[in-house]
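Readers should treat all values here as calculations from the given coordinates under stated rules, not as data from a laboratory. Nothing here was measured: the structure is a model prediction, and the numbers come from that model. We place every Cβ from the backbone using ideal geometry, glycine too, and count neighbours over all the protein chains shown.
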Amino acid sequence: MIGANQKRNIYSFHYGGLLRLSFPFDIFFLSSFSHHNVVSTQNNRSMAWTGKIQELGDPIDQYIYEHSLHFTTEQLELIEYSKSLPGLSRMLGSLDEAQFFQVLIRLMNCKRCIEIGTFTGYTSMTIALALPSDGQLITCDIDDQYIRQDLWVKAGVRDKINLRIGPAIETLEKLIEEYGEGSFDFIFIDADKINYLEYYNLSMRLLRSNGLIAVDNTLWNGHVVDETDTSAQTVAIRKTNDFIRDDQRVDISFLRLGDGTTLCRKK
């Protein structure tokens, strides 16, 4: 694993700032890496972190990231690819959020997980890395245009991931038929915002008692508190937030993690 000083070298290579999802950055790989290594710029001279890493304004955030985030070489490769996609890099899931999910999944001894919204497969990979050898992640998206399954293979987690392509509502309904209700331990919702509430209610049917749903983007870059924002996506997220707040089936924790992460434990 990377030591504190080594992590500082990785995160601070250009501006002295930390990597965060909502800001642009570039990663440059000089050569290939060994399987499952965690990268250090001091211990592995084949990698250098270059380009513009936007500095965070809050030094507390910087300190937290320097002292917590760890990446495998395959994760870094997938981050680099995701951030290279013109106009789409903002869809990459929050890196600190994904690592937090790893802790939760291990703590809960999860074996069956669902991810709604795959994009390039970074969070899929991160979740799968936390699952036991007999664990399974079902991840679904409308298409596989940007999904880097080759990096799942390289990371040694492809056999743990079941990719379903098609409308997520249809996929979730099929999973209820295939597995039955109450069959999954952890579900992550991070797809189109218009259907968030429907995804949440279908996920509740699939989730076991004491299982956990994590809903992403529940702060929506602050738009949820902007009363002048009446866009369909913002309204849908507000509606979902209101519904979850009042849902007596769950205990919740609304975190300022990433772009807002709401955790829902099914009673």
Give me the number: length gained by fully extending Asn109 to Asp58, i.e. 0.36 nm times residue separation minus the C-alpha to C-alpha distance, one decimal in nm.
15.0 nm
With r defined as the distance between the Cβ atoms of Asp144 and Tyr179 and R0 fixed at 25 Å, what FRET efficiency is calculated, to the nearest 0.05?
0.70
Once amide H atoms are placed 1.01 Å from N in the peptide plane, what residues at a sequence separation of 5 or more from Gly93, or on another chain, have their amide H within under 5 Å of its amide H?
Thr123
Would you kindly compute the Cα radius of gyration of the stretch 91-266 and its largest Cα-Cα separation (Dmax), both in Å?
15.2, 49
If the chain between His70 and Lys239 were fully extended at 0.36 nm per residue, the gain over the current Cα-Cα distance would be 57.4 nm
Taking the Cα centre of the stretch 91-266 as origin and charging only Cβ (+1 Lys, Arg; -1 Asp, Glu), how large is the dipole, in debye to the nearest 20?
600
Label the stretch 116-183 by shape, choosing from rounded, prolate and oblate, from the square roots a ≥ b ≥ c of the eigenvalues of the Cα gyration tensor; if a/c is under 1.5 it is rounded, and otherwise prolate applies when a/b is larger than b/c, oblate when it is not.
oblate
Sticking with the crude label model, points 7 Å out along Cα→Cβ, report the distance from Leu255 to Asp226 in nm, one decimal please.
2.6
Report the label-to-label distance for Arg265 and Leu85 in nanometres (one decimal), using points 7 Å from each Cα along the Cα→Cβ vector.
3.4
Compute the label zone of Asn201 within the stretch 214-255: residues whose backbone N is under 17 Å from the point 7 Å along Cα-to-Cβ.
236-250
Treat every Asp and Glu Cβ in the stretch 104-187 as -1 and every Lys and Arg Cβ as +1, leave all other atoms uncharged, and give the resulting dipole magnitude about the Cα centre to the nearest 20 debye.
440
Net charge near Lys267: determine it from the other residues with C-beta under 12 Å of the C-beta of Lys267, scoring Lys and Arg +1 and Asp and Glu -1.
+2
For the stretch 85-139 and the stretch 191-267, write down the distance between their C-alpha centroids in whole Å.
17
Given charges of +1 on the Cβ of Lys and Arg and -1 on the Cβ of Asp and Glu, with all other atoms neutral, how large is the dipole of the stretch 201-248 about its Cα centre, in debye to the nearest 20?
320
Longest to shortest principal axis, alpha-carbon extents of the stretch 171-245, angstrom
43, 22, 16
Is there a pair in Lys160/Lys267; Lys174/Lys239; Lys174/Lys267; Lys239/Lys266; Lys160/Lys239; Lys83/Lys154 whose C-alpha atoms are over 31 Å apart, and which pairs would that be?
Lys160/Lys239
